[in-house]
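Trainee: Handing you this structure, nothing more for now.
The values are calculated or read from the model by the stated rules, or taken from the named source; none is laboratory data. As the structure is a computational prediction, the values presented were derived from the model and not from experiment. Note that each Cβ is placed from the backbone with ideal geometry, even for glycine, and that neighbours are counted across all protein chains shown. When the accessible area is computed, the model is the full protein with side chains, heavy atoms only, and any ligands, DNA or RNA have been set aside. Shrake-Rupley method; radii C 1.70, N 1.55, O 1.52, S 1.80 Å.
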Amino acid sequence: SAIAKILMTAGYSTGNRRFERTWLNFLANHTKRYFACDFMVVDTLFLKRLYLFSVMDITNRKIVLFNITTNPTAKWLETVIRSGFVDLDDLPAVMVSDRDAIYGDWFAEFLDTYFDMTLIRTPPRCPNCNSFIERWHRSFREEILDHCLVFGIQDLRKLTSEYVSYYHLHRPH
């Protein structure tokens, strides 16, 4: 309204134009929507190593997919992503990942072929380039794993599920 007053004072007519775009539409159109994925290593009480794979929608900071394994392989990762993305209606055009060896050349081709997604890899040793998912891992480790004992996959799956629910509904971002 202040700009309209200045324009009218200067002799310009604002007219009765109705703008089709609202502020939320403007923000939605100018905010890139993408997914970020990463692995997190969790050691159990019996010194067994578990790998937690997470995918986050950066637009709303929600974990859209997570799964746990003792041996992450390309086939396992492909199965997890296929089964996890089946229920999602609106997939973004971009997935960001680090340069972990499990994301070989096949991963970019897989995402492009099946989900029409472009894979963007972060530069080596630059966790800040994938900061949202890294922060989620840090929060999970500091708020849950540093205070709980993990005996196996089922314990970690339960803790992760409960924390994801808390993270989405109650934790401020």
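Trainee: Specify the angular offset, from 0 to 90 degrees and rounded to the nearest 10, of the alpha carbon long axis of helix 153-169 from the longest principal axis of the alpha carbons in the chain.
Mentor: 20 degrees
Trainee: Let me ask you something else. Straight distance only, please: which aspartates and glutamates reach the Cα of LYS75 with their own Cα at less than 17 Å, same-chain residues fewer than 8 apart left out?
Mentor: Reachable aspartates and glutamates: ASP38, ASP100, ASP105, GLU109, ASP112.
Trainee: Gap in Å between the Cα centre of the stretch 98-173 and the Cα centre of the stretch 66-81?
Mentor: For the stretch 66-81 versus the stretch 98-173, the Cα centre distance is 12 Å.
Trainee: Taking 0.36 nm per residue of sequence separation and subtracting the Cα-Cα distance, how much length would be gained by fully extending the chain between GLU142 and LEU45, in nm to one decimal? Intermediate values should be presented prior to the final figure.
Mentor: Numbers: separation 97, 0.36 × 97 = 34.92 nm, distance 1.67 nm.
Roughly 33.2 nm would be gained on extension.
Trainee: Please report, as a whole percent, how much of the solvent-accessible surface of the chain comes from carbon and sulfur atoms (probe radius 1.4 Å).
Mentor: Values: 6150 of 11430 Å².
Here carbon and sulfur together make up 54 percent of the probe-accessible area.
Trainee: Using a 10 Å cut-off on Cβ atoms, rank the peptides 55-64, 138-147, 158-167 from the highest mean neighbour count down. Walk me through the intermediate numbers first.
Mentor: On the way: 55-64: 17.2, 138-147: 13.8, 158-167: 15.7.
Order by mean packing, descending: 55-64, 158-167, 138-147.
Trainee: Find the relative contact order for the stretch 83-156 and round it to a whole percent, using C-alpha pairs within less than 8 Å whose residues are 6+ positions apart. Numbers along the way, then the final one.
Mentor: Values: 48 pairs, mean separation 19.5, N = 74.
In percent, rounded to a whole number, it is 26.
Trainee: What do you get for the angle between helix 131-140 and the principal long axis of the chain? Use alpha-carbon atoms, 0 to 90 degrees, nearest ten.
Mentor: Result, in degrees: 50.
Trainee: About the Cα centre of the stretch 33-160, how large is the charge dipole given +1 on each Lys and Arg Cβ and -1 on each Asp and Glu Cβ? Please answer in debye to the nearest 20. Before the final figure, lay out each step's value.
Mentor: On the way: 15 positive and 18 negative charges, 73 e Å.
Roughly 360 debye for the stretch 33-160.
Trainee: Enter the angle in degrees (range 0 to 90, nearest 10) between the Cα long axis of helix 105-115 and the first principal axis of the Cα atoms of the chain, meaning the one along which they spread out most.
Mentor: Tilt relative to the chain: about 50 degrees.
Trainee: Mind checking which aspartates and glutamates have their C-alpha under 14 Å from LYS48, skipping anything on the same chain fewer than 8 residues away?
Mentor: Result set, ordered by chain and number: ASP155.
Trainee: Same structure, new question: Express the accessible area of the chain per residue in Å², computed with a 1.4 Å probe while the remaining protein chains stay in the model. Don't jump to the answer; show the numbers that get you there.
Mentor: Values: 11430 Å² over 173 residues.
Each residue of the chain exposes 66 Å² on average to a 1.4 Å probe.
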